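Below is one structure, written out as structure tokens, with a few remarks after it.
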Amino acid sequence: MECSAIILAAGRSGRMGKPKFALKFNRGKIFLEEIVAQFSNFGCKEIIVVLNEEGKKLFDKLNLRLSGVAKIVINHHPEYERFYSLKTGLISLVNSNNVFIHNIDNPFVDEDVLKLLLNAINDTDYCTPTFNSRGGHPVLLSKNVVKEILTEDDIEINLRDFLKRYNGKRVEAQSDKILVNINTPEEYGNFFVF
């Protein structure tokens, strides 16, 4: 089944103090490179990375080379929050496949979780992975929900509230990494030591 991915990285990273997409993942990659590589290896046909204007300047300065299927899109209004970033990314898709939505503050992408979600999307509008009954990321949106987001006029709606209009499925995953949310230097230090 064909799929695409939107990586949301247009936030201001105020608590972290620097753009989260540029945090070091290992000695060879930063968060953004790792996430794009994982979705590309999984077989996503399109990967859209949504950055704000300052993030794009840093991206260019770092001279990053992402997978050939990855495309950078600028959110010129990060103050409109996450739903607007998502819509900005979705507008840039060439194909309206099922779409994974992944936040930059979780650099861990598990192929088994992606397969689990993709196998479960057939009879529902969206899927969320869970671990010990707690929801995590990425979320997988069906083609139908993608089309509905593109026609939604309220650009400041909360994605969680928007999804309440649709049938969702929670899928139990075997990895607690779906719950990771790195927003501060302390949280970063819990997972990464260089």
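The values are calculated or read from the model by the stated rules, or taken from the named source; none is laboratory data. Keep in mind it's a predicted model, so treat the numbers as computed, not measured. Note that we place each Cβ from the backbone using ideal geometry, even for glycine, and neighbour counts take in every protein chain shown.
Here are some notes:
- Matching entry among 64, 118, 114, 141 (being touching a strand residue (DSSP E or B) at 6+ places or on another chain (Cβ under 9 Å), modelled with pLDDT under 95 and not aromatic (Phe, Trp, Tyr)): 64
- Residues of the range 109-163 that turn out to be assigned to a helix (DSSP H, G or I), among the acidic types (Asp, Glu) and either farther than 18 Å from residue 47 by Cα or touching a Cys at 6+ places or on another chain (Cβ under 7 Å) (or both), as a count: 4
- Yes/no for residue 56 being closer than 19 Å to residue 21 by Cβ, touching a strand residue (DSSP E or B) at 6+ places or on another chain (Cβ under 6 Å), without any contact (Cβ under 8 Å) to a residue 40 or more places away in the chain and assigned to a helix (DSSP H, G or I): yes
- Count - residues of the range 1-21 that are buried (at least 20 other Cβ atoms within 10 Å of the Cβ), in contact with a strand residue (DSSP E or B) (Cβ under 9 Å, 6 or more places away or on another chain) and either at pLDDT below 90 or not in a loop (DSSP other than H, G, I, E, B) (or both): 10
- Hits in the range 168-192 (condition: acidic (Asp, Glu) and either part of a helix (DSSP H, G or I) or without any contact (Cβ under 8 Å) to a residue 40 or more places away in the chain (or both)): 176, 186, 187
- The lone exception for residue 66 - which of (1) surrounded by 16 or more Cβ atoms within 10 Å (Cβ to Cβ); (2) closer than 29 Å to residue 152 by Cα; (3) more than 13 Å from the chain's Cα centre (by Cα) it fails: (2)
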